[in-house]
Structures are given as structure tokens and as C-alpha cells.
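The values are calculated or read from the model by the stated rules, or taken from the named source; none is laboratory data. All values reported here derive from a predicted model rather than from experimental measurement. No Cβ is skipped: glycine too gets one built from the backbone with ideal geometry, and neighbour counts run over all protein chains shown. For accessibility, only protein heavy atoms count, side chains too; no ligands or nucleic acids. Shrake-Rupley method; radii C 1.70, N 1.55, O 1.52, S 1.80 Å.
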Amino acid sequence: MLVSADYMPTEESYPRLISLAVHELRTPVGVLGGYLRMLGMDAATPLTDRQRHIVEGANKACARLTALIAELSDVANLDEGSIAIARLPLELFPLVEEAATHIDIGDDRGVLVEPRGHTAGARLRGDRDRLRAALRAIFTAIAREKPGPTVVVAERLLTHVEGRAMAAIVVCEEHETVEVHAAGRAPFDEKRGGVALALALARRVIEAHGGQLWSPAFDDARRSKGAAIVSLPIDA
């Protein structure tokens with residue numbers, strides 16, 4: 001079959017393509033994980049310390065692949081609109097506190113994520129677990145890129161946009177000043193090493209709740225990566 005040189009796949013085709021890839025990847029990764037577990041538990045041929053170390057490393061890599069495939073599946077399902085987003089009453093601001101707990105940045109560099117501002121008053125209907133995971137992914141991505149000891153503030157604000165009640169979470173270093181309604185906005189950089197698809201998934205979850213995720217447009221492009229703003233509509 002001949003395909004025109006200017007053929008481009010439609011945007012609608014990507015979620016289906018990703019779903020197919022997820023389906024094809026899950027089986028071999030599942031088989032690999034099963035064999036590795038069997039190898040580690042085989043009492044008839046005990047492993048040497050070196051062999052056990054290799055198997056444990058392979059198991060960790062396999063678990064990481066499994067998690068990545070799950071994220072890829074969620075991204076595809078959110079893009080396709082086929083994933084169930086809970087719509088239960090919740091308070092957004094306590095989720096910030098929960099998401100900031102046990103942030104994993106890979107090593108101990110003295111980087112703290114500190115929630116500040118309002119602790120209540122941001123009521124909405126949504127998916128508690130997915131929103132908490134989205135916030136944690138954003139906090140983690142920003143905190144892990146700080147070179148040394150610092151405090152990353154997650155400031156919780158109540159505001160109005162075009163007459164609509166909104167909650168905003170401003171994430172930046174404590175010495176920075178960020179305006180929620182600044183004229184300049186920059187897309188939040190989702191292509192960061194070490195976080196897989198967590199940020200792409202976080203943006204989609206926030207948008208599925210009618211919200212937005214962006215970076216403030218600092219003069220220094222490097223600084224725009226180190227800050228984020230999340231806004232979500234709330235019940236008045």
C-alpha cells in the first residue's frame with residue numbers, strides 16, 4: 001500500500017496507538033517479572049551474592065517499566081476520555097500538605113517543600129488520589145532540580161478569575177515573587193529526566209478537573225523550570 005508523503009496521523013489516532021503499545025508491552029514485561037521472581041525464589045539452585053544482586057537490579061528495572069507502562073496507559077485513557085475521574089466532594093488545600101510529605105528527590109540535598117497560605121476554603125468535586133499524585137509529581141520535579149539546600153514553597157491562595165472562584169497553588173523558591181495573574185505565562189516543562197510521564201499525567205489530571213498548570217514567564221528561562229502555578233475552579 002502506498003502512503004502519501006504528506007500523510008500525517010490525526011491527533012485522535014495517538015491515544016489508540018499508545019493503548020496498543022501499552023497492550024503489547026504489558027505481556028512481555030509481565031512474563032519477564034514472573035521469571036525473575038521464580039529465579040529469586042528457586043531453592044534448588046541458590047544464587048550467589050553477585051547473582052542475587054543482579055536479579056534484584058533487574059527486578060527494580062522491571063518494576064520501573066511496569067510503572068511507566070501504567071502511566072502511559074493513563075495518559076492515553078485521559079486523552080481519549082475513557083478514564084474514570086471521581087467527582088467526590090473534597091478540600092484541595094489539605095492535599096497540598098499530603099503531597100508535600102515524603103517527596104523523593106533521589107538524595108539528601110536539604111531541599112524542603114513547605115506548604116503555606118490557606119489551609120481550607122478550596123472545596124471542589126474531584127478525584128482525591130489523582131490530584132494528590134499530580135501535585136506530588138510537580139513538587140518532586142521542581143525540588144529534585146535544586147542544586148543545594150533551599151525551601152520550595154507551595155503557597156495556597158484563594159482568588160477569582162473572570163468572576164469565578166479559583167484556588168491557586170504557587171510553587172517556587174521562598175525568595176522568589178510570583179504573580180498568579182502575570183501577563184506572561186510559559187508552558188510547564190513536562191520533559192524532565194527522572195520523572196517519566198508523571199508530569200504529563202499531572203497536567204492532564206489537572207485539566208480534567210477544569211484547571212490549568214503553567215510556569216511563570218521569568219526573564220531567565222532557566223528559572224521558569226523551577227516554578228509552577230496550578231489553578232483549579234472551586235465551589236463558591
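Length gained on full extension, ARG37 to LEU25, computed as 0.36 nm times the residue gap minus the Cα-Cα distance: 2.5 nm.
Between ARG16 and GLU98, the simple label model (points 7 Å from Cα in the Cβ direction) yields a spacing of 3.7 nm.
Annotation: the antiparallel percentage among DSSP beta bridges lying fully within the chain is about 80. Labels on offer are (i) 67, 54, 39; (ii) 59, 37, 36; (iii) 64, 47, 41, and the one holding Cα extents along the principal axes in Å computed from this structure is (i). The fraction of accessible area contributed by carbon and sulfur in the chain is 56 percent, rounded to a whole number (1.4 Å probe; ligands and nucleic acids excluded).
The residues of the chain present an accessible area of 59 Å² per residue when probed at 1.4 Å with all protein chains retained.
3J(HN,Hα) couplings calculated from phi for segment 71-86 with the Karplus curve 6.51 cos²θ - 1.76 cosθ + 1.60 (θ = phi - 60°) are, in sequence order, 5, 4, 5, 5, 4, 4, 5, 5, 5, 7, x, 9, 9, 8, 9, 4 Hz; Gly and Pro show x.
Between helix 198-208 and the chain there is an angle of about 50 degrees, using the helix long axis and the longest principal axis of the Cα atoms. Think of the chain as a dipole: +1 on every Lys or Arg Cβ, -1 on every Asp or Glu Cβ, centred on the Cα centre; then among GLY163, VAL55, VAL195, VAL55 lies furthest on the positive end. Ligands, DNA and RNA excluded, the heavy atoms of ARG123 present near 120 Å² of accessible surface to a 1.4 Å solvent probe.
The packing ranking of peptides 61-71, 79-89, highest mean first, is 61-71, 79-89, where packing means the average number of other beta carbon atoms within 10 angstrom of each residue.
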